[in-house]
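Worksheet: the structure to be examined is printed underneath.
Every number in this text was worked out from the coordinates using simple rules, so none of it is lab data. The model shown is predicted, which means the values in this text are computed figures rather than measured ones.
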């Protein structure tokens, strides 16, 4: 992936937010701002990966249309080189510039096999490159190019059909993966804000004092920051859950990156917001004030009114 100006802007913005976060060391805002900085820096790259993945899918679909059109033209008795030149005016979506370049190279007298190699390199897609290699070898060997093209078109069509069937069959598992993660997120939050505070009373028990444990920041031992630990746990779980969902649904890691990003973003916003809102050091009236502010802000935004 080539870095562009948008990527550099995201990285610089992320570094600025990351630097500002050190002004809030020791407060719940510290890790929240670090996370915001990481999200700001990584979002342009994640969006680029998602767009590239969609373009790759569109290329495969358009190559299927190109192969079918080429088969029909060759079946009429037109040589494959002349057929490609005739097809350059037809729309093939994201593949059109590459088809035009291929036709122009053939028109200039560049050997068909070399033009196909350049076409495969420009398209940069494994499935398409494999099909083009087959076509080039068949043309070089002097075989029945029409039969070869028809077989290639059928193979590409079958591959596309199998991908769609697998994606449709796995769709339920993808939804289950998201539901399971949301349940896991809920369990973690209940543990952090309900169960662990109840265990804080154990510091008064003799057995707990002998172990030298202070749950939730007591004075009998070392304080444990469960909020940060659980946040990291959720982020790690979200990352690997997203990769798994992508591999199951579409069969590649790039497809899993968008699921990972969505799950990590969701867990970060919910967990960090909960840590700030339900921080034990805050008084009840402070929590109520923050909650009221957030409610009013969202309400005014929905109505399209200015809050300030």
Item to check | Alpha carbon centroid spacing (whole Å) that separates region 36-106 from region 114-130 | outcome: 10
Checklist outcome for this item: Looks like region 3-134, by Cα gyration tensor root eigenvalues a ≥ b ≥ c and the a/c under 1.5 rounded cutoff (else prolate when a/b is bigger than b/c, oblate otherwise), is prolate
Checklist entry - What is region 68-121 by shape, rounded, prolate or oblate, if you read a ≥ b ≥ c off the alpha carbon gyration tensor as root eigenvalues and call it rounded for a/c under 1.5, prolate for a/b larger than b/c, and oblate otherwise? => result oblate
Item to check | Translational diffusion of region 59-160, µm² s⁻¹ [Kirkwood Rh, Cα pairs; Stokes-Einstein; 25 °C; 0.890 mPa s] | outcome: 185
